[in-house]
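Notes follow the structure.
The values are calculated or read from the model by the stated rules, or taken from the named source; none is laboratory data. Just so you know, these numbers come straight off a predicted model, no measurement behind them. Positions of Cβ are generated from backbone atoms using ideal geometry, with glycine treated the same way; all protein chains shown enter the neighbour counts.
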Amino acid sequence: MLIFGGSGVIGRSIARTFGLEGWKVGLHYHRHQSLAEETATLIQASGGQACLFQADIQESRQTRIVLQNFHKAIGSLNVLIWAVGISISTLTIKTSQDEWHRVLNTNLTGAFHALQAAFQIFSPQHGGSIILLGSFSGEQGMSGQAAYAASKAGLIGLMQTAAREWGEFHVRVNTIFPGWHPSPLSAPAIHIGLQQSPHVLPHPPSLGHVAQTVYHLATTPGVSGQVWNLDSRIW
C-alpha cells in the first residue's frame with residue numbers, strides 16, 4: 001500500500017496498521033522527511049517493511065513518478081491512501097488568493113493527480129482500493145475554514161465520480177471522515193472552538209480505531225462511492 005501524507009499524525013497510524021498486517025508500506029512526504037523516517041522506523045521495528053518517496057503533490061508529474069517507483073520497487077500496488085491536508089484559519093472575506101489556491105491545490109488537486117496516476121496502475125490489473133481522508137467540514141462548512149471546507153467538499157465529489165467511472169474496472173473509491181485529532185493541522189481549531197463541538201459519546205474514536213477502519217474499508221470488497229464518518233457529533 002502507498003500512503004500520501006505518511007508523515008502526518010493520522011497517516012502514521014494508518015501506515016503502522018498496514019505494516020502490522022504484513023503489508024509493504026510506501027510513505028510519501030513533501031517536506032517532513034524526518035517524520036516520515038520515524039514512521040518507517042516504527043514499521044520496521046515491528047517487523048514490517050517501509051520505503052520513502054518524496055514529492056510535491058501539486059505537481060502531477062512528481063505524483064505519477066511516486067506511484068510508478070513504488071510499483072516498480074514493490075512489484076504491485078493494491079491500496080492507495082490519501083491522507084494529505086493543509087488548512088488556513090481565515091474568514092472567507094479575509095482569505096487571500098494565494099491562501100485559497102494553496103489549500104485547494106494541495107488538498108483537492110493533489111488528490112486528483114494521485115487518483116489519475118493510481119488508475120493507470122489499477123485498471124490493467126482490474127482491481128484496487130482508494131481511500132480519501134475527508135472532513136465533516138466538507139459537508140457542513142466551518143467558520144474560518146472556507147478554503148479547507150471547499151477542498152474537502154470537492155474530495156467527496158471527486159470520490160463519487162471516480163467510483164462511478166471506475167467500478168467496471170473493480171476499482172473501489174471511498175472517503176473516511178477521521179474526526180478531530182490533535183495535530184499540527186487541527187491546531188488552529190483550538191482557537192475557534194471546533195474541537196469542542198458536542199459529541200453524543202464521551203470519547204471520540206482513537207487514532208487506532210481510525211486506522212483500523214481505514215484498513216478494513218480498504219480491504220473490503222463490494223463497497224465503493226461511500227462516505228464513512230468516524231464521529232459522534234450531530235450538527
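Of the residues in region 98-118, not one is over 29 Å from ALA149 (Cβ atoms), modelled with pLDDT of 95 or more and under 16 Å from the mean Cα position of the chain (by Cα).
Residue count for region 140-167 under the criterion of being basic (Lys, Arg), over 19 Å from ASN105 (Cβ atoms) and crowded, with 17+ Cβ neighbours inside 10 Å: the result is 0. A Cβ distance below 9 Å, combined with a sequence gap of six or more or placement on separate chains, defines the contacts here; from region 207-235, residues that are within 15 Å of ARG16 (Cα to Cα) reach residues that are surrounded by fewer than 16 Cβ atoms within 10 Å (Cβ to Cβ) and at pLDDT 95 or above in the pairs TYR215/GLU21. Look at (1) in contact with a Gly (Cβ under 9 Å, 6 or more places away or on another chain); (2) modelled with pLDDT under 95; (3) not in a helix (DSSP H, G or I) and you find that ASN174 fails only one, number (2). The condition (being at pLDDT below 90 and either outside any loop (DSSP other than H, G, I, E, B) or surrounded by 12 or more Cβ atoms within 10 Å (Cβ to Cβ) (or both)) is satisfied by just one residue among HIS203, HIS209, HIS216, HIS191: HIS191. Considering region 1-46, and only residues there that are assigned to a helix (DSSP H, G or I) and of a type in the set (Asp, Glu), the residue that is surrounded by the fewest Cβ atoms within 10 Å (Cβ to Cβ) turns out to be GLU38.
Yes or no, residue by residue, for (1) farther than 29 Å from PRO205 by Cα; (2) among the small types (Gly, Ala, Ser); (3) surrounded by 15 or more Cβ atoms within 10 Å (Cβ to Cβ); (4) in contact with a strand residue (DSSP E or B) (Cβ under 6 Å, 6 or more places away or on another chain):
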{"position": "ILE81", "(1), (2), (3), (4)": "no, no, yes, yes"}
{"position": "LEU108", "(1), (2), (3), (4)": "no, no, yes, no"}
{"position": "LEU115", "(1), (2), (3), (4)": "no, no, yes, no"}
{"position": "PHE119", "(1), (2), (3), (4)": "yes, no, yes, no"}
{"position": "SER137", "(1), (2), (3), (4)": "no, yes, yes, yes"}
{"position": "HIS170", "(1), (2), (3), (4)": "yes, no, yes, no"}
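In this structure, is ILE57 touching a Lys or Arg at 6+ places or on another chain (Cβ under 8 Å), assigned to a loop (DSSP other than H, G, I, E, B) and under 21 Å from LEU158 (Cα atoms)? Considered against the rule, which asks whether it is touching a Lys or Arg at 6+ places or on another chain (Cβ under 8 Å), assigned to a loop (DSSP other than H, G, I, E, B) and under 21 Å from LEU158 (Cα atoms), ILE57 comes out as no. In region 123-135, the count of residues that are crowded, with 17+ Cβ neighbours inside 10 Å, touching a residue at least 40 places away in the same chain (Cβ under 8 Å) and assigned to a loop (DSSP other than H, G, I, E, B) is one or more.
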